[in-house]
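For reference, the structure discussed in these notes is given below.
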Amino acid sequence: RALERGESLLHYQPKLDVKRNEVCGVEARLRWQRPGRELAPPAEFIPLLEETGLIVEVGDWVVEEACRQIGAWQREGADPVPIAINLSPRQFRAKDLAARIRRAMREHGVRARMLECEITESSVMADPEHAVGVLDELKAAGIALSVDDFGTGYSSLSYLRRFPIDELKIDRSFVMGLPDDQPSAMMVTAIVQLAENLGMQALAEGIETEDQLELLVSSGCRLGQGFLFSRPLPPRDVELL
């Protein structure tokens, strides 16, 4: 009943252009504000939403709220940055996904490329032919596309070059061991080069130390996200940042 009661809310974790030290986007993070209790982090309720299928309804609310927030920032002249939303595997399989997102964008006056969809590597590779069609629809709607947790699944490079992807997000499991873990460092460099060769950008997530950041920058990674920069923040704090 959290949606009915208005207990769901979004926080936003900044993405940075690490070379310019500028916020270049934010990622929406779902939170649950239970009455009289602390915010519930996603790990406490997202698995249950996935299991029950409620993730589709909640996902629609996240799209609507992210578009509403972008529209509000645009009207306030806040010079907004794009908001990235995570699509669950169930959402991604829905036939009318692109139409629902386009409708929310139109309703709130969201400009093209101010909304980004993040899809996990496993989601797109579960049915690559279906994924190509869905991604093409989203791209045609002016939505930027990102593959989340890249490097943890089993991507086919032949399909990867067919997907209209803008960004590969380097999974935090590779970033955690930097700078001392040489295999992880080599993987990061390889993913950055792969993204560049395919005309995409690479973003490293889970950056927590200056040493990690230094190695990522030296590897050519331009975009980063993690607690070194900022935790997820409520909208007003994001505006200040």
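Which of the residues belonging to the stretch 101-136 are among the small types (Gly, Ala, Ser) and surrounded by 14 or more Cβ atoms within 10 Å (Cβ to Cβ)?
If the condition is that a residue be among the small types (Gly, Ala, Ser) and surrounded by 14 or more Cβ atoms within 10 Å (Cβ to Cβ), then ALA104, SER122, SER123, ALA126, ALA131 are the ones that fit.
Would you check which residues across the stretch 201-236 are open to solvent by 70 Å² or more (accessible area, probe 1.4 Å) and over 18 Å from GLU116 (Cβ atoms) and list them?
Matches in the stretch 201-236: GLU208, GLU210, ASP211, GLU214, SER218, PHE227, ARG231, ARG236.
In the stretch 164-182, how many are buried (at least 20 other Cβ atoms within 10 Å of the Cβ) and outside any helix (DSSP H, G or I)?
Result for the stretch 164-182: 7.
Which numbered condition trips up PRO41, out of (1) over 19 Å from ARG93 (Cα atoms); (2) open to solvent by 20 Å² or more (accessible area, probe 1.4 Å); (3) at pLDDT 90 or above?
Every listed condition holds for PRO41 apart from (3).
Within the stretch 87-109, which residues are part of a helix (DSSP H, G or I), under 21 Å from GLN74 (Cβ atoms) and small (Gly, Ala, Ser)?
Listed by number, the list holds a single entry, ALA104.
Out of the residues in the stretch 54-100 that are open to solvent by less than 60 Å² (accessible area, probe 1.4 Å) and of a type in the set (D, E, K, R), state the one that is nearest to GLU137 (Cα to Cα).
Within the stretch 54-100, the match that is nearest to GLU137 (Cα to Cα) is ARG100.
The values are calculated or read from the model by the stated rules, or taken from the named source; none is laboratory data. Because the structure is a prediction, the values reported are computed rather than measured. Here the Cβ is made from the backbone with ideal geometry for all residues, glycine too, and neighbour counts use every protein chain on show. To get the accessible areas, we keep the full protein, side chains included, count just its heavy atoms, and leave off ligands, DNA and RNA. Shrake-Rupley method; radii C 1.70, N 1.55, O 1.52, S 1.80 Å.
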